[in-house]
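S.K.: I'd like to ask some things about the structure below.
The values are calculated or read from the model by the stated rules, or taken from the named source; none is laboratory data. On a predicted model such as this, the values are computed, not experimentally measured, just so you know. Virtual Cβ from ideal backbone geometry, glycine too; neighbours counted across all protein chains shown.
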Amino acid sequence: MKAKDIENIELKFLDLKDYQELKTAMISAYTNMPDSYWKEHHIASLIKKIPEGQVVIKINGQLAGCALSIIVECDDFEDNHTYRDITGNYSFSTHTNDGDVLYGIDVFIKPEYRGLRLGRRLYDYRKEVCEKLNLRGIAFGGRMPNYSKYSDKISPKEYIEKVKLKEINDPVLNFQISNDFHPAKVIKGYLKGDEASGEFAILMEWDNIYYEKPSKKAAIKKKNVRLGLIQWQMRPYKDLDELLNQAEYFIDAVAGYRSDFVLFPEFFNAPLMAKDNHLSTPDAIRELAKHTQAIVDKFSEFAISYNINIISGSMPEMRDGNLYNVGYLCRRDGTVERYEKLHVTPDEAKVWGMQGGSQIKAFDTDCGKIGILICYDSEFPELSRLLADEGMDILFVPFLTDTQNGYSRVRYCSQARAIENECYVAIAGSVGNLPNVENMDIQFAKSMVFTPCDFSFPTNGIKAEATPNTEMILIADVDIDLLRELNQFGAVKNLRDRRKDLFELRKK
């Protein structure tokens, strides 16, 4: 049939009244296995167990194709199962509504309707069912009807590789791969009597990127996340309480917009150094470090009372006689975790005697996994890639830069991190002047939220941006599910296309 002859295409649930037409269609589709068609009681059982798993395509009222499915618990079956195993000796007793995988029992298009991409419609429908039922994925044993032509020369594994490299044309396997299914295993003796495939099959799988593992907790992870960035004005404060009052003002404002995170800049507490300006610069910043624990304790209180996750920017901290640049993630559930600046700038090392930390990790939150890199660390791509390998969705970069040159390094490197790691990146810095604080006298900042560059995101990769050198807050919403779609269906796939056969990245 040609497209011009089609008056109507319908995707419908399979009805038992369709059986005789279905039987005829199965016989015509499987000419090399004429007795391989489902009996009426089989179809009745499938419809009763999972009606939404059984669909047909009708063209001009005539049945053109069909897809049959059940739900199974993946852990109940080994990878080398047979078709008889997975169907419970064709009784479908293996079906369970509490399973986690939609298993494809059959899919076919009548010969006269092939070439109209009807199979893609059936596969797309299965994916929609999988997502709707929150199943982990789809699986099925894919036949290899062309393998019999090569079975005396190459193994099934070699056959698959040659199909992937386009050295062998296998329309069935190529179709499945083009529909985002990937070969997981070669199964021997899968379907008895399938001589064309040598009784081999390929276990094909499709992963549901929206799958959420059932939780016994009442809380769920948010997928639409609101970020609040504080573009902090450096101004004199008479004491710690006054600085904390200003911080609380911004936290209150951002929380009022129901933000999930608030991000402070690097060394936002630097104005407190003014009273110690009579000391040497190294001594002054060590005095500033004495306030760090009090700030963290107060921020943890704010996180709970304002129901917001607070990223404290960074502050100096003394540990075992050494000076570090650190920050704290204060979650709204009351837990607190520490992060460190790993690469201190030459100025930090020379003027203050600051040392780089050694800890890098992604943090679990109620909005997914996040990473935090302090200023200069954003300019080292290995760090964010390690965090991406741990599942990071959002990277936060608190920074402090005095000149526009320094800001540009942080800004453009952070945007690169968003593209190469398929994540969101939020950067927040300070503005204004501190004439009474040596080595911290001028600031330049333009806080921003970056995205990957693909069709679902802004074309320039910028979700939101603040006014340069102006005290303000920046609010932006990010959709975590868009990152999942990008990873699977993006125009380019930066994470998936890495040549791990040539290089690897790992922590020491």
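S.K.: Looking at the structure I just gave you, is V262 under 31 Å from the mean Cα position of the chain (by Cα) and under 16 Å from C330 (Cβ atoms)? Step through it out loud before you land on a result.
M.R.: Details: under 31 Å from the mean Cα position of the chain (by Cα): yes; under 16 Å from C330 (Cβ atoms): yes.
In short, yes.
S.K.: Can you name every residue in the stretch 399-457 that is surrounded by 23 or more Cβ atoms within 10 Å (Cβ to Cβ), aromatic (F, W, Y) and within 20 Å of N269 (Cβ to Cβ)?
M.R.: F399
S.K.: Only one of L68, L46, L22 is out of contact with any Lys or Arg (no Cβ under 6 Å at 6 or more places or on another chain), of a type in the set (A, V, I, L, M, F, W, C) and not in a helix (DSSP H, G or I); which?
M.R.: L68
S.K.: Please go through (1) at pLDDT 95 or above; (2) within 30 Å of L279 (Cα to Cα) for L383 and return the number of the only condition it doesn't satisfy.
M.R.: (2)
S.K.: A further question follows. Can you tell me which of P282, P316, P271 is touching a residue at least 24 places away in the same chain (Cβ under 8 Å), surrounded by fewer than 18 Cβ atoms within 10 Å (Cβ to Cβ) and either touching a Ser or Thr at 6+ places or on another chain (Cβ under 8 Å) or not polar (S, T, N, Q) (or both)?
M.R.: Answer to the check: P282.
S.K.: Tally the residues that are over 14 Å from L272 (Cβ atoms) and either surrounded by fewer than 19 Cβ atoms within 10 Å (Cβ to Cβ) or of a type in the set (A, V, I, L, M) (or both), restricting the search to the stretch 294-305.
M.R.: 6
S.K.: Additional query: Give the stretch 380-397 a look and list any residue that's surrounded by 15 or more Cβ atoms within 10 Å (Cβ to Cβ), more than 16 Å from N309 (Cβ to Cβ) and within 10 Å of the chain's Cα centre (by Cα), or say none.
M.R.: A388
S.K.: Let me ask something else about it. Please give the strands (runs of 3 or more DSSP E) falling wholly within the stretch 391-451 in which 1 or more residues are in the same structural domain as K275 (by TED's automatic domain parsing), hydroxyl-bearing (S, T, Y) and closer than 16 Å to P381 by Cα.
M.R.: Working: elements: 394-398, 424-428, 430-433, 448-450.
Counting at least 1 such residues, we get 424-428.
S.K.: Quick check on my filter: what residues within the stretch 130-159 are closer than 16 Å to F181 by Cα and within 32 Å of the chain's Cα centre (by Cα)?
M.R.: Initial filter on the stretch 130-159 (closer than 16 Å to F181 by Cα): 130-131, 135-144.
Residues satisfying the conditions are C130, E131, L135, R136, G137, I138, A139, F140, G141, G142, R143.
S.K.: Here is a follow-up. When you go through (1) over 21 Å from the mean Cα position of the chain (by Cα); (2) assigned to a helix (DSSP H, G or I); (3) over 29 Å from N277 (Cβ atoms) one by one for S358, which number turns out not to apply?
M.R.: If we test S358 against (1) over 21 Å from the mean Cα position of the chain (by Cα); (2) assigned to a helix (DSSP H, G or I); (3) over 29 Å from N277 (Cβ atoms), just (2) comes out false.
S.K.: Being touching a Leu at 6+ places or on another chain (Cβ under 8 Å) and in a loop (DSSP other than H, G, I, E, B) is the filter; apply it to the stretch 452-470 and report the residue that is modelled with the lowest pLDDT. Can you show your working first?
M.R.: Taking the stretch 452-470 and keeping what is touching a Leu at 6+ places or on another chain (Cβ under 8 Å), we get 452, 454, 456-457, 464-466.
From what's left, in a loop (DSSP other than H, G, I, E, B): 452, 454, 456-457, 466.
Details: P452: 97, D454: 95, S456: 92, F457: 96, A466: 97.
Going through the qualifying residues, I end up with S456.
S.K.: Let me ask something else. Within the stretch 76-93, restricting attention to residues that are in contact (Cβ under 8 Å) with a residue 12 or more places away in the chain and acidic (D, E), which residue is surrounded by the most Cβ atoms within 10 Å (Cβ to Cβ)?
M.R.: D76
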